[in-house]
Amino acid sequence: MALEDRYGLSLSTTSDQAASAYREGIDLMLSGWTGTAQTLERAIAADPDFALAHIARARVHAFYQQGDLARSKATLARELVARRGTERERSHVETLALAIEGRGTEAIAAMLQHVENWPRDAVVLSLPLGAFGLFAFSGMADHDRARHELCERVAYHYGEDWWFLTMSGWAMTENGDVARGRTVTERGFDLRRANAHAAHAVLHAMFEDGSIEDADRLVDEWIPTYDRAGILHGHILWHQALGALEHGDATRALNIYADVLQPSATQAPPLNVVTDSASLLWRLSAYGHSVPKALWVEADAAAQKLFPRSGLPFADVHMALFAAATQNREAIAVRLAVIEQRLADGKLPAGPVVPAICRALAAFADENYAACVRELDPVLADVVRIGGSHAQRELIEDTFLLALIRSGGLPRARNLLDARLHRRPSMRDARWQAAMV
């Protein structure tokens, strides 16, 4: 009898142990849960020639920026699947390998064709989804809509599957259908509570609809069930820190930072280490709260080791936060030179918005608020192209808004705040609005 994954797709292994461990490992991966790597290693040990287990393990390496290990396992998976694999498995391995190798355009094309042929291959379908997925980091301006439309296209293949409800609900939320997105995501969360991606997606919906108290309770009640080594553990508490800032509670936000976000304390993947620490410290400073210089210096030193060179625009923007906050003009100049050369060479899909943000952040840190406004104003509509989520990208809008206020652009600042407050309640925005009266 042929062995299958949880979605009914055949697996080219004759080992019941390998198939069982693979199914468990994929569920752990799709839920952002701890034990993923160890469980996939069990699958590999039970059948060393099982290509899908190797490529899944490679993907976990890629999450943690272990590039050499990820690429070597992807190469092995290609060799194994060529010898013993179905057409679906060969396509599966190749698509994941392209993503691991950073060949984003090719990976997206392969993913779309694969999903057309095998829509229930959740691992491949997961590639373009989420704030750090292929779509988000493609440079496209409509990646929120693209994720939502892709999920809508394959929804009837999944029904009430906990993973699909999680990701399709999150795509709805980010695409602007917040009420429906929250309902769908909460349905998926109820089906599997040991699902960090669902908890995260619900927090995004709560952020978008202004349910800050609900979000705070959710984190307090749920986070004790999630190990600190979990891939989203720190980031989920980052959301709680944003809630603390809604209340103007800088002390609580800094305590959360020290507990789980500070580079010396976190177990998060490198991209989360850099983006969560930089963005929270920047928000604290920009909102007028005192941030010990030592926190910036320590986080910057860690970030420089993790992302020493320009590459991913989302990382580059957060590295610019560090350079601006620490007044490291040389670091931002070097990174900007590389970014602008890539732009000139046509190798920066996100476009001019990336160097403009970097220059604006430097101007803001220098208290040259008029220059910050001048840099950001023409590219505000393109900030989405750097990737990430609405909650993460709002930092750029906040910086622009505060630069407007501090450079005398009060009428426009009032209009922006009014629009934001009509979209969702925000105690922070209300405080800013009241201060301008």
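The values are calculated or read from the model by the stated rules, or taken from the named source; none is laboratory data. In this text the structure is predicted, and so the values were computed from the model without any measurement. We place every Cβ from the backbone using ideal geometry, glycine too, and count neighbours over all the protein chains shown. Only protein heavy atoms, including side chains, enter the accessible area calculation; ligands, DNA and RNA are left aside. Shrake-Rupley method; radii C 1.70, N 1.55, O 1.52, S 1.80 Å.
Can you find a residue that is surrounded by 17 or more Cβ atoms within 10 Å (Cβ to Cβ), out of contact with any Ser or Thr (no Cβ under 8 Å at 6 or more places or on another chain) and in contact (Cβ under 8 Å) with a residue 24 or more places away in the chain anywhere in the range 365-373?
Yes, the range 365-373 contains at least one residue that is surrounded by 17 or more Cβ atoms within 10 Å (Cβ to Cβ), out of contact with any Ser or Thr (no Cβ under 8 Å at 6 or more places or on another chain) and in contact (Cβ under 8 Å) with a residue 24 or more places away in the chain.
Say whether the condition of being in contact with a strand residue (DSSP E or B) (Cβ under 8 Å, 6 or more places away or on another chain), in contact (Cβ under 8 Å) with a residue 24 or more places away in the chain, part of a helix (DSSP H, G or I) and aliphatic (A, V, I, L, M) is met by at least one residue in the range 48-60.
yes
Scan the range 342-362 for residues that are over 17 Å from residue 278 (Cβ atoms) and in a helix (DSSP H, G or I) and report the count.
6
Which residues, counting only those in the range 191-225, are without any contact (Cβ under 8 Å) to a residue 12 or more places away in the chain and either under 22 Å from residue 175 (Cβ atoms) or among the basic types (Lys, Arg) (or both)?
Within the range 191-225, 211, 214, 217 qualify.
Based on what the data block shows, is residue 253 open to solvent by less than 60 Å² (accessible area, probe 1.4 Å) and touching a residue at least 60 places away in the same chain (Cβ under 8 Å)?
No, not satisfied.
Could you tell me whether residue 339 is at pLDDT below 95, outside any loop (DSSP other than H, G, I, E, B), more than 15 Å from the chain's Cα centre (by Cα) and of a type outside the set (D, E, K, R)?
No, not satisfied.
Would you confirm, using the coordinates I've provided, whether residue 71 is over 24 Å from the mean Cα position of the chain (by Cα) and open to solvent by 30 Å² or more (accessible area, probe 1.4 Å)?
So residue 71 fails the test.
Can you tell me which of 429, 398 is in a helix (DSSP H, G or I) and without any contact (Cβ under 8 Å) to a residue 24 or more places away in the chain?
None of the other options fit; the residue is 429.
Does residue 80 meet the test of being open to solvent by less than 60 Å² (accessible area, probe 1.4 Å), within 25 Å of residue 349 (Cα to Cα) and out of contact with any Pro (no Cβ under 7 Å at 6 or more places or on another chain)?
Here the answer is no, as residue 80 does not meet what is asked.
Does any residue of the range 104-114 turn out to be surrounded by 23 or more Cβ atoms within 10 Å (Cβ to Cβ) and not basic (Lys, Arg)?
yes
Out of (1) touching a helix residue (DSSP H, G or I) at 6+ places or on another chain (Cβ under 7 Å); (2) closer than 14 Å to residue 124 by Cβ, what's the single condition that is false for residue 71?
Of everything listed in (1) touching a helix residue (DSSP H, G or I) at 6+ places or on another chain (Cβ under 7 Å); (2) closer than 14 Å to residue 124 by Cβ, residue 71 misses just condition (2).
Could you count how many residues in the range 1-55 are more than 24 Å from the chain's Cα centre (by Cα), surrounded by fewer than 16 Cβ atoms within 10 Å (Cβ to Cβ) and more than 14 Å from residue 81 (Cβ to Cβ)?
Selection size over the range 1-55: 11.
For the range 1-43, which residues satisfy the criterion of being in contact with a Ser or Thr (Cβ under 9 Å, 6 or more places away or on another chain), of a type in the set (Ser, Thr, Tyr) and closer than 19 Å to residue 70 by Cβ?
22
When the residues of the range 384-397 are narrowed to those that are open to solvent by less than 10 Å² (accessible area, probe 1.4 Å) and over 16 Å from residue 239 (Cβ atoms), which ends up nearest to the chain's Cα centre (by Cα)?
My answer is 387.
Suppose we filter the range 281-325 for residues that are outside any helix (DSSP H, G or I) and either without any contact (Cβ under 8 Å) to a residue 60 or more places away in the chain or touching a Ser or Thr at 6+ places or on another chain (Cβ under 8 Å) (or both); how many remain?
Qualifying residue count, the range 281-325: 10.
I'd like the full set of residues that are over 18 Å from residue 243 (Cα atoms), open to solvent by less than 20 Å² (accessible area, probe 1.4 Å) and assigned to a helix (DSSP H, G or I), limited to the range 258-271.
Matches in the range 258-271: 270 only.
So, residue 278, is that one assigned to a helix (DSSP H, G or I) and within 22 Å of residue 62 (Cα to Cα) or not?
yes
Taking the conditions exactly as written (open to solvent by less than 50 Å² (accessible area, probe 1.4 Å) and closer than 21 Å to residue 29 by Cα), does residue 194 satisfy them or not?
yes
For residue 280, which of the numbered conditions (1) within 16 Å of the chain's Cα centre (by Cα); (2) within 30 Å of residue 103 (Cα to Cα) fails to hold?
(2)
Can you pull out the residues in the range 65-92 that are in contact with a Lys or Arg (Cβ under 6 Å, 6 or more places away or on another chain) and either of a type in the set (A, V, I, L, M, F, W, C) or not in a helix (DSSP H, G or I) (or both)?
Selection gives 81 alone.
Name the residue, out of 169, 176, 181, 159, that is within 21 Å of the chain's Cα centre (by Cα) and surrounded by fewer than 21 Cβ atoms within 10 Å (Cβ to Cβ).
From the options 169, 176, 181, 159, the qualifying one is 176.
Inside the range 225-250, can you point out the residues that are over 28 Å from residue 425 (Cβ atoms) and either at pLDDT below 95 or open to solvent by 20 Å² or more (accessible area, probe 1.4 Å) (or both)?
Correct list: 225, 227, 228, 229, 231.
Tell me which of these residue 417 doesn't satisfy, since it passes every other one: (1) assigned to a helix (DSSP H, G or I); (2) touching a residue at least 40 places away in the same chain (Cβ under 8 Å).
Single failed check for residue 417: (2).
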